[in-house]
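Student: Would you mind keeping the following structure in view while I ask a few things?
The values are calculated or read from the model by the stated rules, or taken from the named source; none is laboratory data. Note that this is a predicted model, so its numbers are computed, not measured. In this analysis, Cβ positions are derived from the backbone assuming ideal geometry, glycine residues included, and neighbour counts consider all displayed protein chains. Protein only, heavy atoms only, side chains kept; ligands, DNA and RNA dropped before computing areas. Shrake-Rupley method; radii C 1.70, N 1.55, O 1.52, S 1.80 Å.
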Amino acid sequence: MPGLSDAMLADVAKTTDGKLELDYTHFSIAMSQSRRLAFFTAVNIDGNQLVDVKRSSDRWYFDPRIDESYQLGNDFYQSNDIDRGHLVRRRDPNWGIDAVKANEHTFHFTNSSPQHKNFNQKVWLDLEDYLLDNARDHDMKVSIFTGPVFRDSDRIYRGAKIPSQFWKVAVMVKDDTELSATAYVQTQEDLIGGNLEFVYGKFETYQVPIEQIEKLTGLNFGELQKADPLAAGQVALVQSREDIRL
């Protein structure tokens, strides 16, 4: 699991039994009290055991293991263009005999983050499809970490700050021998206008060094930097799947 900085440890929403993370079926989440959003999520995907669980009513739940005041609920998302963006994608933990339970667990408010509907349904989805397709096509086991970038300058809406950037770190073993850890940043800054309606702009995805994610978030990914194909300071624009370096 990524290491939390001292500031994060002071702000983390501990469970009723004193744990720093909320454990669900095949994924875990560390929550920020002040932002009412996840510092990060961590999910394990087993491409050899994936199950296609159909989406149903999309009913979202508060997690009773932490106070509801540390979670953004339905009131925040009503009557606007902001989606409850799954941080752990609904389909990712749906594998093995507990696939249905895992699917339901992804609908906790702790696993959502405010994302403009066009960002959540288009740009973000392309990268998530690519990672899941690779796991399925090659029977791979993949661990994916996801989260928002918290900035003091993030726009305040209905009493909460909306992150303008999100990140992912994908970890896998390629060719059965070599560890690969790749990091990505995507932005919705151009999507968030004064009234939260759609604003036309340039939306891009970048592959970045894991070191940059650490600087943006304060998280510590430890030895994963050694498995990163991008050297410190490199940034690569991702326009298609072929642009991703694993």
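Student: Could you sort 46-52, 171-177 so that the peptide with the highest average Cβ count within 10 Å comes first and the rest follow in order?
Tutor: 46-52, 171-177
Student: Shape verdict for the stretch 1-41, please, from the Cα gyration tensor: rounded (a/c under 1.5), prolate (a/b greater than b/c) or oblate.
Tutor: Working: a/c = 1.56, a/b = 1.38, b/c = 1.14.
Prolate, because a/c is 1.5 or more and a/b exceeds b/c.
Student: Follow-up. Run the reach check for K168 against aspartates and glutamates, Cα to Cα strictly under 15 Å, same-chain hits fewer than 8 apart removed. What comes back?
Tutor: Output for K168: D92, D126, E128, D129, E204, E211, E214, D228.
Student: Rounded to a whole number, what % of the accessible area of the chain do carbon and sulfur atoms account for, probe 1.4 Å?
Tutor: About 45 percent, which is the carbon plus sulfur part of the accessible surface.
Student: What longest region of the chain stays clear of chymotrypsin sites (Phe, Trp or Tyr not before Pro) that DSSP places outside H, G, I, E and B and that have at most 14 other Cβ atoms within 10 Å?
Tutor: 1-197
Student: Could you run the Karplus curve 6.51 cos²θ - 1.76 cosθ + 1.60 with θ = phi - 60° over the stretch 56-63 and give me ³J(HN,Hα) per residue in whole Hz, x for Gly and Pro?
Tutor: Per residue, the Karplus-derived 3J(HN,Hα) values read 10, 7, 6, 7, 9, 10, 6, 8 Hz.
Student: Say each of S56 and N220 gets a label point 7 Å from the Cα, pointing the same way as Cα to Cβ; how far apart are those two points in nm?
Tutor: It works out to 4.3 nm between the two label points.
Student: Extension gain V149-L246, at 0.36 nm per residue separation less the Cα-Cα distance, in nm? If you can, show how the numbers build up before the last one.
Tutor: Values: separation 97, 0.36 × 97 = 34.92 nm, distance 2.29 nm.
Contour length minus the Cα-Cα distance gives 32.6 nm.
Student: Same structure again: From the phi angles alone, apply the Karplus equation (6.51, -1.76, 1.60; θ = phi - 60°) to the stretch 39-47 and give each ³J(HN,Hα) in whole Hz, x where the residue is Gly or Pro.
Tutor: Result, ordered by residue: 5, 7, 10, 9, 10, 9, 10, 10, x Hz.
Student: Additional query: Are any of the pairs K54/K141; K19/K161; K14/K101; K19/K117; K14/K174; K117/K226 more than 30 Å apart by Cα-Cα distance, and if so, which?
Tutor: Check vs 30 Å cut-off fails for K19/K117; K14/K174; K117/K226.
Student: Given H placed 1.01 Å from N in the peptide plane, which residues other than close sequence neighbours of A160 have an amide H under 5 Å from its amide H?
Tutor: none
Student: A further question on this structure: For K19 and D126 in the same chain, what is the full-extension length gain: residue separation times 0.36 nm, less their Cα-Cα distance, in nm?
Tutor: Roughly 35.2 nm would be gained on extension.
Student: Given axes a ≥ b ≥ c from the Cα gyration tensor, I'd like to know whether the stretch 1-99 is rounded (a/c under 1.5), prolate (a/b larger than b/c) or oblate. Let's see the in-between values first.
Tutor: Working: a/c = 2.03, a/b = 1.23, b/c = 1.65.
Oblate shape, in that a/c is at least 1.5 and b/c is the bigger or equal ratio.
Student: Could you report the chain's accessible area per residue, 1.4 Å probe, as an integer in Å²?
Tutor: Details: 11720 Å² over 246 residues.
Value for the chain: 48 Å² per residue.
Student: A further question on this structure: Looking at the stretch 36-124, which trypsin sites (Lys or Arg not before Pro) are in a loop (DSSP not H, G, I, E or B) and have at most 12 other Cβ atoms within 10 Å? Present the calculation step by step, with values, prior to reporting the outcome.
Tutor: On the way: sites: R36, K54, R55, R59, R65, R84, R89, R90, R91, K101, K117, K122; in loops: R36, K54, R55, R59, R65, R89, R90, R91.
Those satisfying the criteria are K54, R55, R59.
Student: In the chain, which longest range has no GluC sites (Glu not before Pro) that are both DSSP loop (not H, G, I, E or B) and surrounded by at most 15 other Cβ atoms within 10 Å? Intermediate results must be reported in sequence, preceding the final value.
Tutor: Numbers: sites that count: E197, E204.
Segment 1-196 is the longest.
Student: Using the beta-carbon distance between K101 and N74 and R0 = 25 Å, what value does 1/(1 + (r/R0)^6) give for FRET efficiency, to the nearest 0.05?
Tutor: Step by step, r from the Cβ atoms, then E = 0.65.
Student: Helix-only mean residue ellipticity at 222 nm, the chain, DSSP H runs n ≥ 4 weighted -39,500 (n - 2.57), per residue, nearest 500. What is it?
Tutor: The helix-only estimate for the chain comes to -4000 deg cm²/dmol at 222 nm.
Student: Right, here's the next one. I want to check the label-to-label distance for E178 and V235. Put each point 7 Å from Cα in the C-beta direction and report it in nm to one decimal.
Tutor: Here the answer is 2.6 nm between the modelled labels.
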